[in-house]
Amino acid sequence: MCAVVYKQRHKGENMQVQSKRAFVACVICTITLAGCGDSRSTITEEMITKLEEFNTVLAGVSDVESAKAAQPQLEAIGKDLQSLKKRADALPPPTSAEQQELLEKYQPRLVALMQKLIGTSMKLALKPGVADELKEPMQSLQKLNE
């Protein structure tokens, strides 16, 4: 659902920019679906931690060879994120108050993380061949939107 709404609002943007923005929207939607409370907070914390790990691995990529070396770790993190999304989707819908509490608690941290992740991704996109090597791991993040 997040993807459909996003695509309707941002039709004219560059595909890479669209992907990054859609990812941010997706993570916020997934976290909102996770609600708050013990297990929901745990899922949200784990998701943010995994996204931080993903960004750390990406930040260590400097060329095609290091991109190849990072692929297995990035793919593993992507699988972990998919698992967390499934756990979040299995929870009952949160109340409006729970959604608001969750957003107040995690949105600043998530927005800062997304800015770092987008910045790192954009730098890598400018390096010849690196984006091609990282295509599959980056798509694993976009699957969170499904």
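Key figures for this structure:
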{"quantity": "Global geometry of the stretch 77-146, whether rounded, prolate or oblate, following the gyration tensor of its Cα atoms and the 1.5 cut on a/c", "calculated": "oblate"}
{"quantity": "Burial ordering of Leu58, Leu113, fewest other beta-carbon atoms within 10 Å first", "calculated": "Leu113, Leu58"}
{"quantity": "Listed residue pairs exceeding 26 Å between alpha carbons, taken from Lys105/Lys135; Lys50/Lys135; Lys68/Lys105; Lys50/Lys143; Lys85/Lys127; Lys79/Lys116", "calculated": "Lys105/Lys135; Lys68/Lys105; Lys85/Lys127"}
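Every number here is computed from the coordinates shown, using simple stated rules; none is lab data. None of these values were measured; they are calculated from a predicted model. When we count neighbours, we look across all protein chains shown, and the Cβ atoms used for this are built from the backbone with ideal geometry, even at glycine.
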